[in-house]
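For reference, the structure discussed in these notes is given below.
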Amino acid sequence: MKHVNLRLPDDLHEQARAAADADDRSLNSWLIAAVRRAVTSGNTPIRPEGDSATAAPLRGSGHSHQP
């Protein structure tokens, strides 16, 4: 299992925590389910205007060394 640091704005963290509590899950379990739904739905998330999420810069050349 991989670990990821996820920084959430305070308001989004509170909403996610409340949703997890309502679903009787830990926040971690709820986030795993949300990410799983997002990646298996085949839909690209739509960024609402004002979304502060920006693409992270590539490290190195950005090219994989795998054949």
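The values are calculated or read from the model by the stated rules, or taken from the named source; none is laboratory data. Quick caveat, the model's predicted, so the values are computed rather than measured. Neighbour counts run over all protein chains shown; Cβ positions are idealised from the backbone, glycine included.
Couple of notes before you dig in:
- Failed item, numbered, when A33 is tested on (1) at pLDDT below 70; (2) surrounded by 12 or more Cβ atoms within 10 Å (Cβ to Cβ): (1)
- Residue ID - surrounded by the fewest Cβ atoms within 10 Å (Cβ to Cβ), chosen from residues in the stretch 1-23 that are hydrophobic (A, V, I, L, M, F, W, C) and in contact (Cβ under 8 Å) with a residue 12 or more places away in the chain: L6
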